[in-house]
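One structure below.
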Amino acid sequence: MRWTGQSSEADNVFEEARCVLLEARRPGRARLSMVYWGVGMMHFRQGNYIAAEEQFLLALKWCPAMPFTLKRATEVLIKASLSAVDTLRGKPTISKEWLEAISVIKKMQIPGFLLVFCRTAGIVGLNEGHLDLAEKYFLEAQAVDGEDITFSIDALIWQGEVADRQFEYTKSTVLRARAFEILQKKTDHTKGSVIVLVSILAGYQAMEGDVERAREFVVPAVANTVKHFSGKVVIASYMAGCIEMLGGHFDAAGSYFRQTIEHCISVSELIFRARSERALGEIAVVKKDFTGARAHFEATSELCKLMGVPKDCIYRELRCHQLSKTFDGWKLYQEDHAIFHTGRRELDQVS
């Protein structure tokens, strides 16, 4: 419900479920832990890391009401989730928690859980510089049996990200080409998960210098999002904006980023909203509208506070989400540069 813009309705449903479980005494209270964990995971996916942490801690609080064997497994999963929150907020975490969590999930024999946790463990390893460990987890995610081939494609994209950070650029290019080849064989490009993957791979194409080809893929992807809930629109329109920025088409990019912000607000998504505000600030800097740029960067800063994320940690996932380093307005804003006070950019001051 949150992903379709029904946040208040979702909160009401959750509160009703919580009350019913509390009234059911011990059996109901035993289930409360997983309910809080599920709500926390939704906040996590929306970039609301403070809210996610609060829900995970509540989930831990209710673990003692569970049968012993289930209690132990649940505690492990929740602590791993808290570790993921810490990583994306720029805090060091403990890799052993992930080894334990994945071991527990394998025993549960739930492929969907294993995919999610292997993928998240890989992201944790990637952000903490444990590249071999990250690659191991992404390979495990790819090996999980499942009917949906998009999970395998997603794992290939993340393996390419690891290769990039290992400076193995030929390997990363081959991995993404393989992912794209598999994706092209899927006939239904209107499926939500396919739209996201097409948009991401198009973003990498643009980064590698082929903006026109990237646009050929991302424009239809954005058009196809009208058939899906707003959660899919957020990633597709954001990537379209990034691609247009790489091509120097700032008006088109601005239009996509404003569209992204609109959809982010409707579904309470914070991380792509912050990234889009930052991007609009960079576009304003290019156009020498430093007052407008400051407003967008201030909005980015406020969103960082709301998420509980340091300003230098809004890009903790795929490299294609990042803007080119040539766009330095956000950096200058954080340094409190004079251009955001005088309205002029003095080149000798910047250098």
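The values are calculated or read from the model by the stated rules, or taken from the named source; none is laboratory data. Keep in mind that this is a model prediction, so the values were computed, not measured. Cβ atoms come from the backbone with ideal geometry, glycine included; neighbour counts cover every protein chain shown. With ligands, DNA and RNA removed, areas are computed over all heavy atoms of the protein, side chains included. Shrake-Rupley method; radii C 1.70, N 1.55, O 1.52, S 1.80 Å.
Structure notes:
- Nearest-ten-degree value, helix 169-185 long axis tilted from longest Cα axis of the chain: 70
- What separates the Cα centres of region 153-220 and region 254-310 is a distance of 25 Å.
- Solvent exposure of the chain, expressed per residue, is 47 Å² of accessible area, with all protein chains present and a 1.4 angstrom probe.
- Calculated FRET efficiency for the pair GLU128/THR173, C-beta based, R₀ 35 Å, to 0.05: 0.90
- In this structure, the pairs whose alpha-carbon distance is over 27 Å, taken from LYS106/LYS311; LYS232/LYS305; LYS287/LYS331; LYS232/LYS288, are LYS106/LYS311; LYS232/LYS288.
- For region 48-137, the normalised intensity computed at q = 0.13, 0.16 Å⁻¹ comes to -0.42, -0.63 (log10 of I(q)/I(0), Debye sum over alpha carbons, equal scatterers, no solvent).
- Between the residues GLY122, GLY38, THR74, the greatest Cα displacement towards the positive end of the dipole of the chain, with unit charges on the Cβ of Lys, Arg, Asp and Glu, is found for THR74.
- Relative to its residue count, the chain spans a Cα convex hull of 141 Å³ per residue.
- Cα long-axis angle, helix 211-224 against the chain (0 to 90 degrees, to the nearest 10): 50
- All lysines inside 18 Å of LYS171 as judged from Cα atoms, apart from same-chain residues fewer than 8 positions distant: LYS136
- Helix 150-165 vs. the chain, principal-axis angle (Cα, 0 to 90°, nearest 10): 60
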